[in-house]
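First the structure, in the form of C-alpha cells, and then the observations on it.
Quick note: the coordinates plus some simple rules give every number you see, no bench work behind them. What you see is a predicted model; the values in this text were computed from it and never measured. Don't worry about glycine lacking a Cβ; one is built from the backbone with ideal geometry, like all the others, and counts go over all protein chains shown.
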Amino acid sequence: MSDYLKSLLIGNISLDLINSGIRLGGSVIYGGITLASLKADVVIATHLDEIHGVLIEDLLKTFDIRALFKNCKTLPKFIICGGKALEVEAEGCVHDLRTLVNIVSDLKPNLLLLVPVFREISVSDSLELISTARRIGVRVIGIDIQGYVRSIKDRGLECSWPKDLWSLLEKVTIVHGNLREFCFNKDFSKVVKELAEVTRSIRDTAIVASMDDEGAYLFIQGEVIKVPPLLAEVQVIDDVGAGDVLLAAASYYMTKGLTSVEAVARGIAAASLKVARGLLQQWFTIDEIDNYSNIILNMLKHVQIKDS
C-alpha cells in the first residue's frame, strides 16, 4: 500500500477559554496536527472569523495543513475546565451541505473524519456526506460523536442523544466519543452492554469509548476490549484534545490496513504521548507510537458482559 494518504477533516475550529486564556481548539486542529505529524496530507473544511483568521491560517501553515473555509461572524467558544468543555459562549456557524459534498467529491480523500464541535453538521447531512464518500471509494470514514450530542441548558453543556445518531454509527468505519457522551443511558454498565450488542449487528464498525485517564473501551463485532493508557510511562501535562488525537491516529492506522485493535492501541499511544507533552513540543514520533503501542497491546483485557 502506498505511503501517501490524503485526509479530510470536517468541523469547526473552536475558541477554548482555559485558565483565563484563549486557545484554538476543536478536532480539526488536534486531529489535523496528529495526521500531519504522521506524514498524511491534511485538508480541513471549517469556518474562520475575521478576528482570528490570520492566527489560524499561520498555525495551519506551520503543520502544512490546508484549509478550505467559509467566513463566520463568530467561532464556537467554550469554557474549558479539567480538560472538558463546561459552558458555551458562542455556537458558531453551520456548514453548507452542498459545499461539503463538492469538497469530498473533488478531493477524493483516503480518510474522512466528521468531527463537529457543536452541531455544525447534522446527522442527516452527515449521512449524505458518507454516501458520497462511499460512492467515490473513501477507505476509512470516522466520526466523533461529541458535536452531535452536545446541547445547551442555561449556557451549560448537556448531553442529548439524537435517535437518528444510531443510523450514522452503522455507516462508518470508526466511532469515537467519551463514555459519558454515549448518553442514551445514564447507567454506564448498560451503555457498555448496548454498545457490545450494537457491534454484533454492525460488524464493520469499531466503536471507541474513551474513559479519560483510564484508557478506552473498544467495541468490535460484539467483543469488548479494555485498552489501557500509558499511566506508568507518562505524566499528564495537558489532556485537552486527547480524544481527538486518539481518533485521528487510530483512523490513520486503519487506513493503512491495521486491524481495529492494532490501530486503537496506536491511537491510545499517540494520545498518551500528547497528554504528556502539551502544546509546546512535538507530541510524538512514529517510532514512539509503534513502541508504546506494543506495550499497550500486551496489556489488553477482554471484558465479559454479564446478562442482566
Which whole-number percentage describes the relative contact order of region 238-308, with Cα contacts under 8 Å and a sequence gap of 6 or more?
32 percent
For each of E262, E128, count neighbouring Cβ atoms within 10 Å of the residue's Cβ, then give the residues from fewest to most.
E128, E262
Under the definition of Cα pairs under 8 Å and six or more residues apart, what whole-number percent is the relative contact order of the chain?
15 percent
Based on the mean of other Cβ atoms within 10 Å per residue, sort peptides 45-53, 81-89 so the most packed one is first.
45-53, 81-89
Given labels modelled 7 Å from the Cα in the Cβ direction, how far is it in nm from W161 to L127?
1.8 nm
I need two numbers for region 1-131: Rg to one decimal and Dmax as a whole number, Cα atoms only, in Å.
14.5, 46
Percent relative contact order of region 5-127, based on C-alpha pairs within less than 8 angstrom and at least six residues apart?
33 percent
Ratio for region 133-177, C-alpha Rg to 2.2 N^0.38 Å, reads 1.41
May I ask you to order 27-38, 114-125 by the average number of other C-beta atoms within 10 Å around their residues, highest value first?
27-38, 114-125
So if I restrict to the alpha-carbon atoms in region 152-308, what is the Rg, and what is Dmax, the biggest pairwise distance, in Å?
15.6, 48
As a quick test, which of the pairs K6/K70; K61/K171; K226/K274; K39/K61; K163/K186; K61/K274 have an alpha carbon distance above 23 angstrom in this structure?
K61/K171
What share of all Cα pairs of region 155-223, in percent, falls into each consecutive 5 Å distance bin?
4, 17, 27, 29, 15, 6, 1, 1
Per the beta carbon screen (other Cys under 4.7 Å), unpartnered cysteines of the chain come out as C81
Computed Rg/Rh for the chain (Cα atoms; Rh = Kirkwood radius) stands at 0.93
